Structure formats: C-alpha cells, structure tokens
1. Between residue 26 and residue 54, how high is the FRET efficiency from 1/(1 + (r/R0)^6) when r is the Cβ-Cβ distance and R₀ = 25 Å? Nearest 0.05.
2. What is the percent carbon and sulfur in the accessible area of segment 15-61, measuring with a 1.4 Å probe over the protein chains and ignoring ligands?
3. For segment 15-61, what is the charge dipole size about the Cα centre, in debye to the nearest 20, if Lys and Arg each add +1 at the Cβ and Asp and Glu each add -1 at the Cβ?
4. For segment 15-61, count the residues as N, evaluate 2.2 N^0.38 Å, and divide the Cα radius of gyration by that value, please.
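The values are calculated or read from the model by the stated rules, or taken from the named source; none is laboratory data. Quick caveat, the model's predicted, so the values are computed rather than measured. When we count neighbours, we look across all protein chains shown, and the Cβ atoms used for this are built from the backbone with ideal geometry, even at glycine. All accessible areas refer to the heavy atoms of the entire protein, side chains included, with ligands and DNA or RNA removed. Shrake-Rupley method; radii C 1.70, N 1.55, O 1.52, S 1.80 Å.
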Amino acid sequence: MRLEHDIMQIDFEKQIGVSRVEDGQIITEFRERDDESVRSHHSACCKWVGEAPHKTCVEICLE
C-alpha cells in the first residue's frame with residue numbers, strides 16, 4: 001500500500017485497484033471509483049483498508 005500511495009500517488013478515496021490475470025501475471029490498474037466499468041462489475045473485493053465499520057475496498061478482483 002505504501003508504494004501505491006507514496007510513489008504512485010494513488011488516492012484510495014477516489015481510485016480503486018482493478019486486478020486481472022494476464023499471461024501468468026497479476027495486472028492491477030487504478031481507476032476512478034465512479035468509472036462505469038468499476039461500478040457495473042460484480043466481482044469480489046481483494047484488498048480492504050481501515051477498521052470496521054469504516055473499511056474501504058481498494059482493489060477489485062476481475063475473473
């Protein structure tokens with residue numbers, strides 16, 4: 001998480017990681033949370049941050 005925040009300047013309040021497997025590698029792209037492709041996909045959350053009840057999904061796993 002430090003790499004994403006400190007080096008890549010990912011704002012997890014506004015963006016979410018979307019992961020997929022491609023050629024034996026896990027590829028993660030960061031998209032805006034209100035992006036239609038993120039909102040319409042019914043995949044499971046792979047990574048959470050925060051404490052309940054304020055947990056936030058920061059990465060969605062695509063099948």
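1. On the way: r = 27 Å, r/R0 = 1.08.
Calculated transfer efficiency: 0.40.
2. Details: 1620 of 3280 Å².
Exposed carbon and sulfur together represent 49 percent of the surface.
3. Details: 6 positive and 9 negative charges, 40 e Å.
The calculation lands at about 200 debye.
4. Working: Rg = 11.2 Å, N = 47, 2.2 N^0.38 = 9.5 Å.
So segment 15-61 has a normalised radius of gyration of 1.18.
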